[in-house]
Amino acid sequence: MLDFGCGTGKYVIHLQNRGVKVTGLDLNSPEIEEALRDEAKGCVTLYNGELPLPFPENHFDVVMTTEVLEHIEDAALILAELKRITKRTFLMTVPDGSGVPRCHSDNVIPWHFLEETHVNFFTQKALTTLLEPHWEAVQIYKFGITELPNSFFANNLACVCEIPQ
């Protein structure tokens, strides 16, 4: 399994502790290097961000990326590369942009959208349109519900993409 954009390595450690053979991959930057947990360092590769990724085709049974795609300029290019190294299943979460207009009547915006490093904003429809050229079977789920006085919305979208065997 690959955790693409693994950050501190939290999920790498969690999965390792449950017997999953997992590799983490993130950018080689001082911020990531400093934040990377010691327990994850032996299983995490830091790279320069260039493509192709440093893995052969169909290398990982499962590739996951959690709250990463919204930070990447060319999301379609990264998805094509992640598909190249995935043998079976791709898992992903991103913030759900459909909450923004729903919050308007309460004069709020989901905090996650205020991060200055976000370059992509996804709704379920936009994400489906982006994923379908790369994956044969795409399922999208909404989770993390926030309730406001005048509305409610999902904070995140989770995607499960399968390659038929």
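The values are calculated or read from the model by the stated rules, or taken from the named source; none is laboratory data. Being a predicted model, the structure only gives us computed values, none of them experimental. All Cβ positions, glycine included, derive from the backbone under ideal geometry; neighbour counts span all protein chains shown. Remember, those area values only see protein heavy atoms, side chains included, never the ligands or the DNA or RNA. Shrake-Rupley method; radii C 1.70, N 1.55, O 1.52, S 1.80 Å.
Between the residues Cys6, Asn17, Pro30, the greatest Cα displacement towards the positive end of the dipole of the chain, with unit charges on the Cβ of Lys, Arg, Asp and Glu, is found for Asn17. Let me make sure I get this right: for the stretch 2-99, a, b and c are the square roots of the gyration tensor eigenvalues over alpha carbons, sorted descending. Under 1.5 in a/c it's rounded, otherwise prolate if a/b > b/c, else oblate. Which is it? Cα axes put the stretch 2-99 in the rounded bin. Spin-label model, His118 to Ala80: label points 7 Å out along the Cα-to-beta-carbon direction sit 2.7 nm apart. Distant-in-sequence amide contacts of Asn156, defined by a placed amide H-H separation under 5 Å and a gap of 5 or more residues or a different chain, comprise Asp96, Phe143. Taken per residue, the accessible surface of the chain reaches 55 Å², heavy atoms only and a 1.4 Å probe.
Return the label of the correct value of Cα Rg over 2.2 N^0.38 Å, as calculated from the structure shown, out of (i) 2.67; (ii) 1.14; (iii) 1.08. Of the listed options (i) 2.67; (ii) 1.14; (iii) 1.08, (iii) comes from this structure. For the chain, the longest principal axis of the C-alpha atoms and the axis of helix 75-85 are separated by about 40°. Distances between placed amide hydrogens fall under 5 Å for Phe122 paired with Gly97, all partners being 5 or more residues away or on another chain. When the helices of the chain are scored as -39500 (n - 2.57) per DSSP H run of n ≥ 4 and the total is divided over every residue, the value at 222 nm lands at -6000 deg cm²/dmol.
Share of carbon and sulfur in the accessible area of the chain stands at 54%, probe radius 1.4 Å. The amide H of Leu27, built 1.01 Å from its N in the peptide plane, has Tyr47 as neighbours under 5 Å, considering only residues 5 or more places off or on other chains.
Counting lysine pairs in the chain that sit 8 or more residues apart in sequence, or on different chains, and whose Cα atoms lie under 16 Å apart gives 5.
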